[in-house]
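Here's the structure we're looking at; comments come further down.
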């Protein structure tokens, strides 16, 4: 008895699902035209999105702004050393400032050399590396500025 009931239940479920899928799949000519128009728009948007990687351009601009800010801070620190009266300490500071300036220049080159064709594969790792470098430089500049 249960076996016959299960067969009837499964057959009814299959018929219901097939009829529902046919009902959903059938569209009026207006719906088809609207879907075709939406499909063209979606394809255009997708092509545009693929050529411009998500998040790369804004991140690149903010990183470059940080680098420019670091250069300004380095210039201020160099001026501060010139007016200081501690020659031995100033030599150490000058050496550190020069190292930071070199790191900043290397970081700028690294960002500029990064190929946008390859952005999708390693973007998150690249951004993490750059952010770590920027944070380290920020910390080092802050330490030098506080002295």
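Please check which bits of segment 61-85 a label hung off residue 143 would reach, taking the label as a point 7 Å along Cα-to-C-beta and the cut-off as backbone N under 20 Å.
Counting backbone N atoms under 20 Å from the label point, the list is 67, 70-81.
How far, in nm, would the chain grow between residue 90 and residue 128 when pulled straight, counting 0.36 nm per residue and subtracting the alpha carbon separation?
10.4 nm
So for segment 56-146, what percent of the C-alpha to C-alpha distances run longer than 17 Å?
Counting every Cα pair in segment 56-146, those more than 17 Å apart make up 50 percent.
Can you tell me the order of 106-113, 2-9 when each peptide is scored by its average per-residue count of other Cβ atoms within 10 angstrom, highest first?
Peptide ranking by packing, descending: 106-113, 2-9.
Quick note: the coordinates plus some simple rules give every number you see, no bench work behind them. Nothing here was measured: the structure is a model prediction, and the numbers come from that model. Please note: Cβ atoms are built from the backbone with ideal geometry, for glycine as well, and neighbour counts cover all protein chains shown.
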